[in-house]
Amino acid sequence: MKLRSLLIVVAVCFLCAASNAASTLSQSQQVFLRRLAAVATERTNHTVRYDPVYIRIPYPCGDVRADTSVCTDEVIRSYRAVGIDLQKEVHEDRVQSFSAYPRKWKWISGKPDSNIDHRRVPNLMVFSQRKGESGRIYLPIVVPCSATRNHWPSRFTNT
């Protein structure tokens with residue numbers, strides 16, 4: 001799947017989250033989701049090349065080059081555009097609760113890494129479960145871009 005198509009999927013997922021949960025969300029959460037969906041939709045107009053390379057980036061508010069991306073970079077950019085730096089938030093949570101996060105054999109570093117941890121789908125999924133609806137961060141992260149069919153919520157599958 002081309003990255004542009006992937007971005008459209010991300011934007012649609014944010015829109016679905018906003019519309020499906022509208023009756024259970026506060027007014028501020030609904031406004032936030034609408035802003036997030038608008039930003040994610042706008043991201044589909046950017047030309048980016050898929051590049052999963054590990055790169056050192058500034059902290060906080062670091063990003064890979066604007067013309068490169070993996071799916072999570074687009075989620076991160078969308079959240080950053082509405083005032084939430086997932087790099088900082090995920091890193092701080094991993095520092096406090098490192099054992100709560102997955103440690104895949106090829107990721108083993110023994111400590112949090114602010115250059116990459118926020119770009120990994122499993123880490124965003126754990127962060128979303130841990131912090132998703134608390135405080136000022138509302139994270140309806142579905143992260144459809146790398147989820148397999150078996151991990152998608154039923155409303156996103158044909159079954």
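Every read-out reported here was derived from the displayed coordinates using simple, explicitly stated rules and does not represent laboratory data. Quick caveat: nothing in here was measured; it's all calculated off a predicted structure. Don't worry about glycine lacking a Cβ; one is built from the backbone with ideal geometry, like all the others, and counts go over all protein chains shown.
Looking at (1) outside any loop (DSSP other than H, G, I, E, B); (2) touching a residue at least 24 places away in the same chain (Cβ under 8 Å), find the lone condition where Val95 falls short.
(2)
With respect to Ser78, is the statement that it is of a type in the set (Gly, Ala, Ser), in a loop (DSSP other than H, G, I, E, B) and under 24 Å from Asp51 (Cβ atoms) true?
No; evaluated as a whole, the condition is false for this residue.
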